[in-house]
Amino acid sequence: MTKRVREILSWYDSENAGVRSNLARMLNQGKLGGSGKFVILPVDQGFEHGPARSFAPNPPAYDPRYHFQLALDAGCNAYAAPLGFIEAAVTDFPGEIPLILKLNNHDVLYDEKDPAPSVTGSVRDALQLGCAAVGFTIYPGSSQSKPMYQELRAIAEDAKAHGLAVVVWAYPRGSSISKAGETAVDVVAYAAQIAAQLGANIIKVKPPTENIEQPEAKKAYEAARIPLGTLADRIRHVVQAAFDGRRIVIFSGGAKESDEQLLTTVRGIHAGGGFGSIIGRNSFQRPKAEALKLLGQVIDIYKS
């Protein structure tokens with residue numbers, strides 16, 4: 001085990017041996033193994049956005065087995081998906097890559113302003129599938145956020161008691177936040193802090209923009225002269241909000257964009273001390289050869 005992995009694990013001394021071992025499994029997996037950095041493949045978009053919007057650009061991606069193989073071939077640290085996608089393919093890839101079972105999901109057939117995802121899997125499911133971790137989405141800013149926090153607290157307690165790590169998707173969204181505010185630096189940092197306070201071992205947020213949503217937060221940023229001018233500055237601040245960098249914070253890839261746009265974002269994440277990327281549509285919506293090339297470039301940036 002590398003010195004860097006031991007250092008990261010030391011931040012989780014209060015967790016039991018099972019949780020720490022599963023964190024180590026992910027930290028030591030793939031082409032970034034031992035570096036303390038992550039590239040994770042998440043494929044919950046079929047549930048979240050619909051099958052055609054997710055997989056029609058690359059029809060082989062309708063097959064759950066495709067994503068297991070893509071994550072393995074790319075050298076990812078882990079693969080995350082809802083219950084059905086993992087169940088449909090896990091027997092073909094037993095123990096080959098750490099799995100994160102996404103335990104709640106939201107669809108857009110009824111896309112309310114204040115989203116409330118449904119619990120769609122259990123800790124028992126994750127254990128039976130041999131997962132290393134469970135994943136859970138919270139929407140800070142939604143009028144439904146309090147029940148989500150309570151659900152997460154109960155699920156995290158159960159998961160950790162059984163040795164599973166907890167990954168939290170912290171996505172600000174709701175009628176009290178503007179569309180631009182969903183990625184405002186103050187809001188993203190707040191979401192990372194909330195996820196850390198709720199016991200997340202790994203936190204997933206969106207890359208923050210320079211926008212500041214909350215008037216009172218704006219005063220605090222100006223008074224403290226917090227630098228926000230570059231993406232690296234903003235990434236550094238979000239990581240700082242997660243217990244001064246003592247919680248793993250990774251950043252989403254978002255909707256499909258050009259290779260150079262994505263790589264520019266990844267360079268900013270790396271320069272700002274982010275722990276890595278979780279890239280779904282920007283990988284599986286490309287033909288496999290293109291996806292592997294792009295993910296290889298992302299991994300090379302994090303290795304540098």
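Worth a mention:
- Taking the convex hull of Cα positions in the chain, its mean projected area over all directions (nm²): 14.3 nm²
- For region 82-173, trypsin sites (Lys or Arg not before Pro) meeting the loop criterion (DSSP other than H, G, I, E, B) and having at most 15 other Cβ atoms within 10 Å: LYS113.
- In straight-distance terms, cross-link reach from LYS102 covers every one of the aspartates and glutamates whose alpha-carbon lies under 14 Å from its own, apart from those fewer than eight places away in the same chain; here that gives ASP44, GLU48, GLU87, ASP125, GLU151.
- Across all directions, the shadow cast by the convex hull of region 1-62 built on its C-alpha atoms averages 5.9 square nanometres.
- FRET efficiency, 1/(1 + (r/R0)^6) with R0 22 Å, evaluated for SER118 and ASP158 via beta carbons: 0.80
- Sorting 34-40, 287-293 by their mean Cβ neighbour count within 10 Å, with the most densely packed peptide first, gives 34-40, 287-293.
- Other-chain or far-sequence residues with amide H under 5 Å of THR209's (modelled H): ALA184, VAL185
- ARG267 paired with GLU7, simple spin-label distance in nm, labels 7 Å along Cα-to-beta-carbon: 2.5 nm
- Reach of LYS288 by Cα under 17 Å, taken over aspartates and glutamates that are not fewer than 8 positions away in the same chain: ASP63, ASP73, GLU257, ASP259
- Max-minus-min Cα coordinates of region 56-133 on each principal axis give 38, 34, 20 Å, with the largest extent listed first.
- The value of relative contact order for the chain, using C-alpha pairs under 8 Å at least six residues apart, is 17 percent.
- Bridging of LYS37 to lysines at a Cα separation below 19 Å is possible for LYS3, LYS204, LYS206, LYS293, LYS303, once same-chain residues fewer than 8 apart are set aside.
- Backbone amide hydrogens, once placed in the peptide plane, bring PHE38 within less than 5 Å of GLY276, SER277, excluding anything fewer than 5 places away on its chain.
- The H on the amide N of ASN104, modeled in the peptide plane, is under 5 Å from the matching H of THR120, THR137, each at least 5 residues off or on a different chain.
- Helix content alone sets the calculated 222 nm mean residue ellipticity of the chain: runs of n ≥ 4 DSSP H residues at -39500 (n - 2.57) each, divided across all residues, give -13000 deg cm²/dmol.
- Highest to lowest packing among 162-170, 212-220, scored as the average C-beta count within 10 Å: 162-170, 212-220
- Assigned charges on the beta-carbon of Lys, Arg, Asp, Glu; the chain dipole about Cα centre (debye): 700 debye
- Projected label distance in nm at LYS219 and ASP259, using a 7 Å step from Cα toward the beta-carbon: 4.9 nm
- Rounded to 5, percent antiparallel among DSSP beta bridges of region 3-303: 5 percent
- Where labels lie 7 Å past Cα in the beta-carbon direction, separation of GLU290 and GLU87 in nm: 3.3 nm
- Kirkwood Rh (inverse of mean 1/r, distinct Cα pairs), region 43-183, angstrom: 15.9 Å
- Sequence-separation-based contact order of region 189-304, relative, with Cα cut under 8 Å and 6+ spacing, percent: 27 percent
Only the coordinates and a few stated rules stand behind these numbers; no lab work does. The structure displayed is predicted, hence computed values, not measured ones. For neighbour counting, all protein chains shown are included, and Cβ atoms are generated from backbone atoms with ideal geometry for every residue, glycine included.
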